[in-house]
Amino acid sequence: MTHTPPSPLLSRKELDTLLGGAARAWLDEALAEAAHAAAHDDTTPAESYSVPPWELRYAAAGRHCGLEHADSVRALLLTEAHAGLPALTRLYEQGTAAERRAVLLTLSALDLGATALPLVEDALRTNDTTLVAAAVGPYAAAHLEPHNWRHAVLKCLFTGVPVEAVAELARRSRGDAELARMLGDFASERIAAGRPVPAGLHHVLALTAPGPAAPTVPTASTQES
Amino acid sequence: MRIFDPHIHMTSRTTDDYQAMYDAGVRALVEPSFWLGQPRTSPASFFDYFDALLGWEPFRAAQYGIAHHCTLALNPKEANDPRCTPVLDALPRYLVKDSVVAVGEIGYDSMTPAEDHALAAQLQLAAEHGLPALVHTPHRDKLAGLRRTIDVVRESGLAPERVLLDHLNETTVKDARDSGCWAGFSIYPDTKMDEDRMVAVLQLHGTEKVLVNSAADWGRSDPLKTRRVGDAMLAAGFTEDDVDQVLWRNPVAFYGQSGRLHLDTAAPEPLHEGNSILRGGE
Ligand SMILES: [Zn+2]
């Protein structure tokens, strides 16, 4: 089983060229409901079973716009609704794996500071590689503290998530002696067990070398609109 | 032989089972929510279970090349426990999920008033969400239970062709088929229903609107019983097309009514249908 990193999120314009008429109409209505929610305070009580209309749209996105576009549509809904931490937490905790992934992929496009880290940390505790891959994006690069970030990188290598999924890998690895030690220990363990060392490990190990601050490659924006 | 197991509880099974099922031809399955053997004591326990059916279990299945969908409901047994009945209020937020292809398992266990209420309320939820319903028929007092089930279906807003009556046997198949509902048979390693009796039922009643499942769970059961039925059908003179109808096209047609069936996993040697049937009711 190969693990492909999540494909880039599409903008509204790009979606419009790909979606059929019924899907576009559905998306128009869904985004209007999300915009309506943005203009009103999120008053949904945490313990309530009732669901705001745009959150029902969030759940149904795949079957109206195609599973292959569900991430992009959900990301648009979250940004259009200016989803805050309570709504994001609700959508994540009550979501399918695909709905959780879309929350994770959109975090960096929302104005959250570091407050949504518990969602990233939850995803990193799972063994679902689609969630792990989505959790190590730009939001984690910006906010995850070093210990958890190193473990996230190691988990990618463990579970077969390509390290290319890790945002700002070069910047965060540079001069990280502790990460280098962890990678070295992991490689020794694999060699001792007669198992192959994951291909990405040496790549990351090379990035941990201390050096002059190389020009940071700007991270691809996850949200164009 | 491509196989769709329309009723199997994979949370109770190992990855060896997934591998053996794939090797036997299983490419798709539906996992109905049900009783865990150990009674639950709160709605939260159901929610974690529903989340697993919508998250972890499809991921596991995908590792073995099997498409996983689920049906969600408050099961008949726990419908009698007031600690669990608030699940009914929370179901709407789960029934909108992309991989939910029916409301189920619902139905009767001991035929109590609480079960009456849960069954009627959940048939109504199915109608409101554009979903079919998987209705379990009781293991005890089966024929009376089936007749009462059919009455409740008739009074509900759900058309019989959107209802699958499951765990049928020789004594209940006629009433079930006369009702216009789909007929499901669970094949067990013990006496409840076996593959040769299943073949006899198919010879008598035909292959239309009949589904066969393993209903494998944490009890004595066998996830390869679907394949055994296919082999027994061929041995008894049924054609490969008959087998494909019962083990693949019928479950695709029934759950495809949800519009939410996605069978991208390549099926081995589709016999007569192109890709369109794989996508179910789209
Ligand atoms: Zn069952």
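The values are calculated or read from the model by the stated rules, or taken from the named source; none is laboratory data. Computed from a predicted structure; not experimentally measured. In this analysis, Cβ positions are derived from the backbone assuming ideal geometry, glycine residues included, and neighbour counts consider all displayed protein chains. For accessibility, only protein heavy atoms count, side chains too; no ligands or nucleic acids. Shrake-Rupley method; radii C 1.70, N 1.55, O 1.52, S 1.80 Å.
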Over chain A, the sum of -39500 (n - 2.57) across DSSP H runs of at least four, divided by residue number and rounded to 500 deg cm²/dmol, gives at 222 nm -17500 deg cm²/dmol
Honestly region A:128-211 on the Cα gyration tensor test (a ≥ b ≥ c root eigenvalues; a/c under 1.5 rounded, otherwise a/b vs b/c for prolate or oblate) is just oblate
Close lysine pairs (chain B; alpha-carbon distance under 16 Å; 8 or more apart or on separate chains) counted at 5
Interchain or sequence-distant (5+) residues whose placed amide H lies within less than 5 Å of the amide H of B:L36 are none
Measuring from its Cα centre, chain B shows a charge dipole (+1 at each Lys and Arg Cβ, -1 at each Asp and Glu Cβ) which, in debye to the nearest 20, is 320 debye
With +1 on the Cβ of every Lys and Arg and -1 on the Cβ of every Asp and Glu, the dipole magnitude of the protein assembly as shown about its Cα centre, in debye rounded to the nearest 20, is 640 debye
Residue-normalised value, i.e. accessible area per residue, for the protein assembly as shown at 1.4 Å probe, in Å², stands at 41 Å²
Rounded to a whole number, the mean other protein chain Cβ count within 10 angstrom for residues of B:255-261 is 1
So the carbon and sulfur contribution to the accessible area of the protein assembly as shown, 1.4 Å probe, in percent, is 54 percent
If the label point sits 7 Å along Cα→Cβ of A:D28, residues of region A:50-70 with amide N under 19 Å come out as A:54, A:57-58, A:61, A:64-66
Largest fluctuation, A:H147, A:H202, A:H82 only, Gaussian network model of chain A with Cα springs under 10 angstrom, belongs to A:H147
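To the nearest 100 Å², how much accessible surface do chains A and B cover up together, summed over both, with a 1.4 Å probe? Walk me through the numbers on the way to the answer.
On the way: alone 11560 and 10980 Å², together 20820 Å².
Buried: approximately 1700 Å² between B and A.
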In terms of the charge dipole of region B:3-256, which places +1 on Lys and Arg and -1 on Asp and Glu at the beta carbon, the residue among B:N250, B:V135, B:V173 farthest towards the positive end is B:V135
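Given a Förster radius of 30 Å and the C-beta distance between B:T41 and B:A120 as r, what FRET efficiency does 1/(1 + (r/R0)^6) yield to the nearest 0.05?
Working: r = 25 Å, r/R0 = 0.83.
That pair, B:T41 with B:A120, gives E of 0.75.
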Largest fluctuation, A:L78, A:L131, A:L154 only, Gaussian network model of chain A with Cα springs under 10 angstrom, belongs to A:L154
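Mind running the shape call on region A:1-112? Use the C-alpha gyration tensor, a ≥ b ≥ c as the square roots of the eigenvalues: rounded below 1.5 for a/c, prolate if a/b tops b/c, oblate otherwise. Please report the intermediate quantities before stating the final value.
Working: a/c = 1.67, a/b = 1.25, b/c = 1.34.
Since a/c reaches 1.5 but b/c is at least a/b, the shape of region A:1-112 is classed as oblate.
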Taking Rh as the Kirkwood radius computed over alpha-carbon pairs of the protein assembly as shown and applying Stokes-Einstein at 4 °C with viscosity 1.567 mPa s, one gets a diffusion coefficient in µm² s⁻¹ of 53 µm²/s
Cα-based Debye curve of chain B sampled at q = 0.07, 0.11, 0.13 Å⁻¹ gives log₁₀ I(q)/I(0) of -0.22, -0.55, -0.80
